């Protein structure tokens, strides 16, 4: 048996080694030689999944700052799924887009390391380091195609991201000032002792950390960077960051607010409820007006962040488990939707405008059907993963007494169905004029899509095993 | 044998099977038509088998199947039927093959997908009628939207996309609020017993505070009122009906609208009896407005399909009125009218579809004198038209008569207005019939119009036979639903009574009773609704 300290970080180590191996392979390959670098990533991710599964229920602690509890492990496995799907989609589009695969895969893997670390971190500073690891990699990935739009998006994302990191760090500083520690458990118990003092510094810490997290999960009004970054980045990267970054940030968000700051729920719950309502409403209403599919899905992912916030506001057992389930359901669905966009692009044309999808049913019937399933799942229609996720989130809100949030949530889902249906209308009910049909899709990309769709239906029809896992996962941290 | 599961899984299996059979460039279209007909007819046989083995004397749910689904939330795959749901799934089974026949040649492209969506729709509709778990019910209720959306959006007429989206959003907007109420109910159950449950029979037993009942009743009723559609929530219906392909219209009018009234009978009224008593007069008022309004608007339509669509608003108003009366006659009449309307309006859309397939127009003005050109089509049309009007010895009469009887025992004022609706329905239907079929042939295009073809015979003959049969042997249909109807009426009435338990309400009860004793008999009957004797 290995040292428990080591056991806790093995999932991260697996991915780190894979990332290093990817860099090495790129560096040492002879010019013109083709190496399946993505395969290294797949091996590393599968290793991470296996080690995460083996650590289940063991609650390993790594050096006091990493906790491999079930909550962190559930998110880790979600992130592994995100990583695997991303690599499978990427394997088909990198060469087409002229993106160097060594750099690309190692950046993806490094950011996954950061995400896993963020999900398992038990120390504010480690959360910050994890945040930086993942953010830096994602900034580069956003601009990896070196076009004007991508570079602009990366730059915007970087500036606002750095800004939010500063907020976050400032919040950590205040928390340290009040409690003398950055360890989550110590901060929590020290704060619990000071509940009555009403020390304003506590609220400075709370507010600044909230802003930092709100940036990363792109909650309104901190969402400004999202549409531009999502539109400018290559579609696979957008899929990756709209799911992976969100999952990691939510994991840390939930851990910090539901355990460390749980004593101050009366203070932060109304703030988060307002954020959730604004995020759901703005995300869907503005989404209606978009004509670029990536931008539309960017707003939709903002709205989905709002639904996740509802689970956080509810803050009961149902809500906590609902966040985990929703993250998984949303990640698989959203990634698959972006996968379709990525696979349909060509070197010269991104094919991501709404009208590019006209008549897709006639040229690519299978792809249109798969995309429809993704969109219906995002819209929350049964029998898909998205429906169970939303149902779970809203039942958390109802059982916590937040009927009004649940009502806003269901009504905004109806509005969101409107813009998802616009894509369906294009694919099935409009004719393709002028623009040539994109190439056929086969290979890993199609495999990944089919797997994702099977997952969507599995989570939608037989959710019990995963629901139970999610319910088990929340026991350890609160 | 799990007959109920087979009844919805069979069409779904058919849909999945067809999905796997390739259809290169539409070369196998007729194979898919026949496959779909085979599966839908087999489903109809299954529903008939259910009727055969159904115990008509019992009010309990029969053929019950129950499998754990999401145990953490008390969600089960829980299905069962009583007399009301039995008749509605038989109606669904009966109308789906007919709908298929109504678009047998009208749908020329993408026949495979058309057949898949139609069978998936049938599966979801049957699922709605057999679910005894609210979660399961909601899943079927929402899942049904998707195939219908595609049926309207892909194979409909010019404005199909607008109509499809409007249909989907309207229906969803209502049903999501119902979802919140369903979650609220499950939560109340967990408050009361410590366990979540979506089991309808357990939720019937729940004691709910009057204020909560009000909100939940409104949330459920909004969802159902949009589906029915009750005035003023009907605006999606003319668009959806007119733009849908013939098969879509037949299913929409024949079955889908009944899901709304079925929901009122099965969920909204028995779950929240106090709120139901409070709101029933208002609902009945809307229903009566719908009866008159639908009839008046139908009268001035130049488009046959739109006329039939508005006539649905009017006829469904009768059903809601019968439900609101909440006595045995009214409710029985309501359920009977659901069946009768399914048959006759399904037939009307079928016939309009035949004419518009032949002439590619649905304008009444484009026709005239068809009696001499297509005598057989005219005969079928006459039977269905009279059935829709409510001519005695045809199906429409029994339902409307019972509804008015029931409503009269509750509050005769509604009956006066509803009676006006009956007269108006004769006006607009007969006027349309006269303009289309009688007189000289005004348009030379109509002169050589072919009469009914084999597939049209196969579809319309059962409809005419059923219209006649339901008119002369209504007992056959009233018998199996009677115990279930009585059970629901009792549940609603006694629960109202049981819950009059605190002192204030007791005092009110006494006061009203005293007042009632001194009032004319009509008033007593009205009071007897709110406080059962």
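For segment B:260-271, name all the residues that are surrounded by fewer than 24 Cβ atoms within 10 Å (Cβ to Cβ) and under 19 Å from residue B:308 (Cα atoms).
Matches in segment B:260-271: none.
How many of the residues in segment A:285-306 are in contact with a helix residue (DSSP H, G or I) (Cβ under 7 Å, 6 or more places away or on another chain) and farther than 14 Å from residue A:218 by Cβ?
As a first pass, look at segment A:285-306 and keep what is in contact with a helix residue (DSSP H, G or I) (Cβ under 7 Å, 6 or more places away or on another chain): A:285-288, A:290-306.
Imposing the further condition that a residue be farther than 14 Å from residue A:218 by Cβ reduces the set to A:285, A:288, A:290-294, A:296.
The qualifying residues number 8.
Within segment B:102-112, can you find the residues that are crowded, with 24+ Cβ neighbours inside 10 Å and in a helix (DSSP H, G or I)?
Of everything in segment B:102-112, just one residue is crowded, with 24+ Cβ neighbours inside 10 Å and in a helix (DSSP H, G or I), namely B:102.
Could you name every one of the helices (runs of 4 or more DSSP H) located completely within segment A:188-283 that has at least 1 residues being surrounded by fewer than 17 Cβ atoms within 10 Å (Cβ to Cβ)? Break it down stepwise before answering.
Details: elements: A:200-216, A:225-232, A:235-240, A:246-255.
Fully inside segment A:188-283 and qualifying: A:200-216.
Residues of segment B:136-163 being farther than 15 Å from residue B:85 by Cβ, assigned to a helix (DSSP H, G or I) and more than 8 Å from chain A (Cβ to nearest Cβ), which ones? Spell out how you get there, then give the answer.
Filtering segment B:136-163 for residues farther than 15 Å from residue B:85 by Cβ gives B:138-139, B:142-163.
Okay, now just the ones that are also assigned to a helix (DSSP H, G or I), so B:138-139, B:142-143, B:145-155, B:160-163.
Once the filter is applied, which keeps residues that are farther than 15 Å from residue B:85 by Cβ, assigned to a helix (DSSP H, G or I) and more than 8 Å from chain A (Cβ to nearest Cβ), segment B:136-163 yields B:147, B:148, B:151, B:152, B:155, B:162, B:163.
Specify the residue that is nearest to the other protein chains (Cβ to nearest Cβ); the eligible residues are those in segment B:118-135 that are over 26 Å from residue B:41 (Cβ atoms) and assigned to a helix (DSSP H, G or I). Explain how you work it out, then say what you get.
Here is the first cut: in segment B:118-135, the ones over 26 Å from residue B:41 (Cβ atoms) are B:132-135.
Imposing the further condition that a residue be assigned to a helix (DSSP H, G or I) reduces the set to B:134-135.
Values: B:134: 11, B:135: 8 Å.
Only one residue fits best here, namely B:135.
Among A:398, A:417, which is farther than 23 Å from residue B:112 by Cα, at the interface with another protein chain (Cβ under 9 Å from one of its Cβ atoms) and free of Cβ contacts under 8 Å to residues at least 24 places away in the same chain? Break it down into steps so the answer makes sense when it comes.
Working: A:417 fails: free of Cβ contacts under 8 Å to residues at least 24 places away in the same chain.
On inspection, the qualifying residue turns out to be A:398.
Give all pairs with beta carbons closer than 9 Å in which a residue from segment B:10-32 that is at pLDDT below 95 meets a residue that is surrounded by fewer than 15 Cβ atoms within 10 Å (Cβ to Cβ) and not in a loop (DSSP other than H, G, I, E, B); count only pairs at least 6 apart in sequence or on separate chains.
Going by the 9 Å Cβ cut-off, the qualifying pairs are B:14/B:38.
Conditions first: (1) modelled with pLDDT of 90 or more; (2) surrounded by fewer than 23 Cβ atoms within 10 Å (Cβ to Cβ); (3) under 23 Å from residue B:342 (Cβ atoms). Residue B:188 passes all but one, so which condition is the exception?
Single failed check for residue B:188: (3).
Just wondering, is there one or more residues in segment B:68-79 that are more than 11 Å from every other protein chain (Cβ to nearest Cβ) and either farther than 29 Å from residue B:489 by Cβ or crowded, with 24+ Cβ neighbours inside 10 Å (or both)?
From segment B:68-79, those more than 11 Å from every other protein chain (Cβ to nearest Cβ) are B:74, B:76, B:78-79; that's our starting set.
When the remaining residues are screened for being either farther than 29 Å from residue B:489 by Cβ or crowded, with 24+ Cβ neighbours inside 10 Å (or both), the result is B:78-79.
Within segment B:68-79 (the criterion being more than 11 Å from every other protein chain (Cβ to nearest Cβ) and either farther than 29 Å from residue B:489 by Cβ or crowded, with 24+ Cβ neighbours inside 10 Å (or both)), the answer is yes, since at least one residue qualifies.
Criterion first (assigned to a helix (DSSP H, G or I), more than 9 Å from chain A (Cβ to nearest Cβ) and at pLDDT below 90) does residue B:166 satisfy it? Give the steps one after another, and end with the answer.
Numbers: assigned to a helix (DSSP H, G or I): yes; more than 9 Å from chain A (Cβ to nearest Cβ): yes; at pLDDT below 90: no.
The answer is no for residue B:166.
Residues checked against (1) free of Cβ contacts under 8 Å to residues at least 40 places away in the same chain; (2) within 14 Å of another protein chain (Cβ to nearest Cβ); (3) part of a helix (DSSP H, G or I):
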position: B:187; (1), (2), (3): yes, yes, yes
position: B:197; (1), (2), (3): no, yes, no
position: B:202; (1), (2), (3): yes, no, yes
position: B:218; (1), (2), (3): no, yes, yes
position: B:255; (1), (2), (3): no, no, yes
position: B:258; (1), (2), (3): no, no, yes
position: B:286; (1), (2), (3): no, no, yes
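Would you check if there is a residue in segment B:335-355 being in the same structural domain as residue B:481 (by TED's automatic domain parsing) and more than 22 Å from the chain's Cα centre (by Cα)?
yes
The values are calculated or read from the model by the stated rules, or taken from the named source; none is laboratory data. Not measured: the values here are computed from a predicted model. Reconstructed Cβ throughout: ideal geometry from the backbone, glycine too, with neighbour counts over all protein chains shown.
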